[in-house]
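Visitor: Let me begin by handing over the structure; questions about it come next.
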Protein chains: 2
Amino acid sequence: MEAQIITISREYGSGGRIIGELVAEKLGYAFYDKELVDEIFKKSGFAKEFIAEGGEYAFSKNNFLFNLGNARLSEYDFGYSISDRLYTIQQNIIKDIANKKPCVIVGRNADYVLKDKKNCLNVFIHCDIKTRIDRAINDYGEETKKIEKKLRDKDEKRKIYYKNYTDRIWGMSKNYNLCLDSGYYGIERCANIIIENINRHF
Amino acid sequence: MEAQIITISREYGSGGRIIGELVAEKLGYAFYDKELVDEIFKKSGFAKEFIAEGGEYAFSKNNFLFNLGNARLSEYDFGYSISDRLYTIQQNIIKDIANKKPCVIVGRNADYVLKDKKNCLNVFIHCDIKTRIDRAINDYGEETKKIEKKLRDKDEKRKIYYKNYTDRIWGMSKNYNLCLDSGYYGIERCANIIIENINRHF
């Protein structure tokens with residue numbers, strides 16, 4: 001039987017990462033969020049800051065200023081951008097991880113990367129903007145200045161990134177088996193809904 | 001305390017109506033699907049066939065051939081189309097129903113019509129195309145000929161209708177508190193997830 005995989009896609013500030021962590025902890029599954037950045041770092045030589053941002057967000061013109069670590073610095077290599085190279089490496093690592101053991105993977109288009117895997121539950125977590133702002137400031141230590149604009153920019157960049165590599169609409173319910181409004185249900189209950197209803201038929 | 005309302009939006013063939021019926025039955029709530037058509041018929045004089053189709057689907061040019069019942073037959077009345085008149089009547093009836101007693105309302109943009117109501121859980125049910133086709137043929141008695149095209153046309157018309165009256169994207173997870181893939185979870189479990197997790201804080 002294939003290992004059970006849960007992918008969690010989420011709006012920034014929705015608490016999706018915490019929900020994923022709770023699910024992994026309660027089920028005794030491995031958990032990949034920042035851990036994925038470490039794996040990609042080991043294989044690519046890209047700087048961690050670049051991996052963290054570039055593996056989930058489309059770049060705007062003025063933020064291609066990362067230290068790219070040990071990787072080659074040419075932005076394009078035979079029409080293949082550095083983002084594309086990161087995406088390919090990231091994709092292979094996600095597939096590799098998913099073949100090994102049950103785990104929860106947060107973000108990085110994992111729902112799409114693993115779309116042909118049967119034993120995979122794809123979850124999307126979203127939330128009202130007010131609760132997201134509160135969480136970003138109080139839990140993630142974000143500055144209050146222009147915070148709403150920052151969140152909306154992040155949504156936009158994730159949307160573009162997802163569209164670019166999947167040709168799908170980010171947050172569209174059809175792409176996921178389960179979409180939850182964490183503002184309505186709260187963090188703990190979101191985790192419980194996921195856990196209590198995993199399909200174990202495969 | 002406001003009455004608890006559950007709205008169920010759904011793809012045709014996803015089993016959303018049956019899920020709504022099960023939820024209403026188990027919770028002892030009133031159920032509005034075809035019942036809503038009857039209510040609208042009583043108030044509008046429009047033919048039931050027109051209400052059933054015209055209250056959820058955008059019209060294509062060649063299907064404005066309904067018998068409009070006792071309603072006036074001019075398509076436009078001071079820039080206000082017959083569809084708009086139906087929408088207004090339907091909207092008022094939905095608001096009226098939602099103020100009276102706990103209920104489950106299927107379709108007809110009820111999620112949007114009741115968006116300012118606090119005690120309202122908005123659910124979207126979707127499903128893979130294969131299961132939808134099977135259900136449409138075996139449970140709803142649809143003809144097998146061109147059935148996939150028929151389902152995709154229905155999706156498209158609901159999408160256009162929803163966009164027209166709400167300026168939102170139909171099926172986008174942000175519009176709902178809970179989106180469920182009935183192909184993954186099955187009908188019974190979808191109903192249970194809804195029932196077991198209703199937020200009763202308000």
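Please treat every number below as a calculation from the coordinates, not as lab data. All values derive from a computational prediction rather than experimental measurement. For neighbour counting, all protein chains shown are included, and Cβ atoms are generated from backbone atoms with ideal geometry for every residue, glycine included.
Visitor: Evaluate the distance, in nm, between pseudo-label points positioned 7 Å from the Cα of B:ILE195 and of A:GLU53 along their respective Cα→Cβ axes.
Guide: 5.0 nm
Visitor: Shortest first and in nm to one decimal, what separations exist between A:ILE129 and its copies in the other chains, measuring from label points 7 Å along the Cα-to-beta-carbon line?
Guide: Copy-to-copy label distances for A:ILE129: 3.5 nm.
Visitor: Sequence gap at least 6, Cα distance under 8 Å: using those rules, report the relative contact order of the range A:5-201 to the nearest whole percent.
Guide: 36 percent
Visitor: So how far apart, in nm, are the two label points at A:LYS117 and B:GLU25 if each is 7 Å from Cα heading toward Cβ?
Guide: 3.7 nm
Visitor: Now for a separate question. Go through the range A:96-193 and name the trypsin sites (Lys or Arg not before Pro) that are in a DSSP coil and have 12 or fewer other Cβ atoms within 10 Å of their Cβ.
Guide: A:LYS118, A:LYS145, A:LYS146
Visitor: Can you list the distances in nanometres, one decimal and ascending, from the A:ASP116 label point to the identical position in each other copy, with the point 7 Å along Cα to Cβ?
Guide: 5.1
Visitor: Going Cα to Cα from B:LYS149, which lysines come in below 22 Å? Please leave out same-chain ones fewer than 8 positions away.
Guide: Qualifying lysines at Cα under 22 Å: A:LYS174, B:LYS61, B:LYS130, B:LYS157, B:LYS159, B:LYS163.
Visitor: Closest to the A-onto-B rotation axis, which residue of chain A has its Cβ, and how many Å off the axis is it?
Guide: Here the value is A:CYS179, 2.
Visitor: Now a separate question. So what's the Cα pair-distance distribution over chain A, bin width 5 Å, in %?
Guide: Once binned at 5 Å, the Cα pair distances of chain A give 1, 7, 15, 19, 20, 17, 11, 6, 2, 0.
Visitor: In addition: Using a 10 Å Cβ count of at most 13 others and DSSP loop calls, identify the longest part of chain B lacking such GluC sites (Glu not before Pro).
Guide: B:3-74
Visitor: Could you pull out every Cys in chain A that lacks a partner Cys with its beta carbon under 4.7 Å away?
Guide: Within chain A, the cysteines lacking a partner Cβ under 4.7 Å are A:CYS103, A:CYS120, A:CYS127, A:CYS190.
Visitor: Placing the label point 7 Å from Cα along the Cα-to-Cβ direction, what are the distances from B:TYR140 to the equivalent spots in the other copies, shortest first, in nm to one decimal?
Guide: Spelled out, the distances from B:TYR140's label point are 4.0 nm.
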